[in-house]
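Participant: Structure incoming, see below.
The values are calculated or read from the model by the stated rules, or taken from the named source; none is laboratory data. The model shown is predicted, which means the values in this text are computed figures rather than measured ones. Don't worry about glycine lacking a Cβ; one is built from the backbone with ideal geometry, like all the others, and counts go over all protein chains shown.
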Amino acid sequence: MTDQPAIFCHHVGAFATVGLFMLLTACASPLSERVMVAHQITAPISLDGLADEPDWVLAQIYPLAVPEAVGSSEMPQESGVVRLCWDHDALYLHFTLTDLDVVQENDADQQHHYRTGDVVEVFIKPQDQPHYWELYVTPNGRRTTFFYPGGGRRRLPSSLTAAPPIHNAEVQLNGSLNDWSDTDTGWSAEVRIPLTALASQGSTPGPTQDWAILAARYNHGRHLTDIELSSAPRLPARQFHAYPAWARLVINLPHDSAPVRAR
């Protein structure tokens, strides 16, 4: 099962999931020690897949790291970073990814894109509620949103039914798509998540409420020996859904030395 990371992360057996979840809960750093800060923008962000606005330059850069269980090396073979920004309407993420063989063989929204090629994923959850979202963006600009009422319902068909994605995204491709015979440079993705969508399940974003977040990547390609998983923050094991190991999302206010907790 460990030689199939895509299947492992999303479809590991029920007993294994319970055991792994308990292990991650015990071994992961406390949420207060795993923090990702979103920079408040000072001018509108143009959603184009680029990170050329001044606010992206000011945003903290978080490298995507392989799970600790994979080995001692923290950095993946093909690197990636993510940055976060926000305004009063949305949360923004920008991924910059090295990729010598960009591939995504599914050209539709609301699919399990990790099975068919490269994808970045955003997991986000209010800390005081069991529900959370899983959002995908692919190098060909396709999107998926899965909503889980709780971790114990995430394999049920009702959590995986097609629905309009709640997020917007634009990508930039530096190379070709689905051509293993050439060498690509990489791709980038810019994601916008409306705060109203996150508040739709009765948990209203606000300055006193903690949210948890994970930015993750599935990387396929001919230059790799296997599918490569990475994330920010770094996880103890190959299990993106184990939210005790996610980071606390912090909203950073300009000219304020005390960041306000996540909207």
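Participant: Of the conditions (1) part of a strand (DSSP E or B); (2) farther than 22 Å from Ala197 by Cα, Pro139 fails just one. Which one is it?
Facilitator: (1)
Participant: Follow-up question, since we're still on this one. Would you mind finding the one in Arg192, Arg263, Arg217 that is touching a Ser or Thr at 6+ places or on another chain (Cβ under 7 Å) and either modelled with pLDDT under 95 or not in a loop (DSSP other than H, G, I, E, B) (or both)?
Facilitator: On the way: Arg192 fails: touching a Ser or Thr at 6+ places or on another chain (Cβ under 7 Å); Arg263 fails: touching a Ser or Thr at 6+ places or on another chain (Cβ under 7 Å).
On inspection, the qualifying residue turns out to be Arg217.
Participant: If I ask for residues that are buried (at least 20 other Cβ atoms within 10 Å of the Cβ) and assigned to a loop (DSSP other than H, G, I, E, B), which ones from the stretch 142-163 would you list?
Facilitator: Of everything in the stretch 142-163, just one residue is buried (at least 20 other Cβ atoms within 10 Å of the Cβ) and assigned to a loop (DSSP other than H, G, I, E, B), namely Arg142.
Participant: While we're looking at this one, here's another question. Against the definition (of a type in the set (A, V, I, L, M) and surrounded by fewer than 18 Cβ atoms within 10 Å (Cβ to Cβ)), how does Ala90 come out, yes or no?
Facilitator: Values: of a type in the set (A, V, I, L, M): yes; surrounded by fewer than 18 Cβ atoms within 10 Å (Cβ to Cβ): no.
Answer is no for this residue.
Participant: Assess whether Tyr92 counts as being in contact with a helix residue (DSSP H, G or I) (Cβ under 8 Å, 6 or more places away or on another chain) and hydroxyl-bearing (Ser, Thr, Tyr). Explain how you work it out, then say what you get.
Facilitator: Details: in contact with a helix residue (DSSP H, G or I) (Cβ under 8 Å, 6 or more places away or on another chain): no; hydroxyl-bearing (Ser, Thr, Tyr): yes.
So Tyr92 does not fit the description; no.
Participant: Here is a further query. Answer yes if at least one residue in the stretch 150-173 is over 30 Å from Thr98 (Cβ atoms), among the basic types (Lys, Arg) and in contact (Cβ under 8 Å) with a residue 12 or more places away in the chain, and no otherwise.
Facilitator: Here is the first cut: in the stretch 150-173, the ones over 30 Å from Thr98 (Cβ atoms) are 150-164.
Narrowing the set further to residues that are among the basic types (Lys, Arg) leaves 153-155.
In the following step, the residues that additionally are in contact (Cβ under 8 Å) with a residue 12 or more places away in the chain were identified as 154-155.
Yes: one or more hits.
Participant: Of all residues in the stretch 111-120, which are surrounded by fewer than 22 Cβ atoms within 10 Å (Cβ to Cβ) and touching a Leu at 6+ places or on another chain (Cβ under 9 Å)? Before you say what the answer is, go through the steps one by one.
Facilitator: Residues of the stretch 111-120 surrounded by fewer than 22 Cβ atoms within 10 Å (Cβ to Cβ): 111-112, 115-116.
The answer is His112, and nothing else.
Participant: On to the next question. Taking the conditions exactly as written (in a loop (DSSP other than H, G, I, E, B) and not basic (Lys, Arg)), does His94 satisfy them or not? Show your work before the answer.
Facilitator: Values: in a loop (DSSP other than H, G, I, E, B): no; not basic (Lys, Arg): yes.
When the stated conditions are applied, His94 does not pass them.
Participant: Next question. Identify the residue in the stretch 47-76 that is of a type in the set (S, T, N, Q) and at pLDDT below 95 and, among all such residues, is surrounded by the most Cβ atoms within 10 Å (Cβ to Cβ).
Facilitator: Ser73
Participant: Which of (1) at pLDDT 95 or above; (2) closer than 26 Å to Leu58 by Cβ; (3) assigned to a loop (DSSP other than H, G, I, E, B); (4) charged (D, E, K, R) does Arg83 not meet, given it meets every other one?
Facilitator: Answer for Arg83: the failing condition is (3).
Participant: Does any residue in the stretch 54-65 that is on the phi < 0 side of the Ramachandran plot and of a type in the set (A, V, I, L, M, F, W, C) come within less than 9 Å, Cβ to Cβ, of a residue that is in a helix (DSSP H, G or I) and at pLDDT below 95 six or more places away or on a different chain, and which pairs are these?
Facilitator: From residues that are on the phi < 0 side of the Ramachandran plot and of a type in the set (A, V, I, L, M, F, W, C), there are no pairs.
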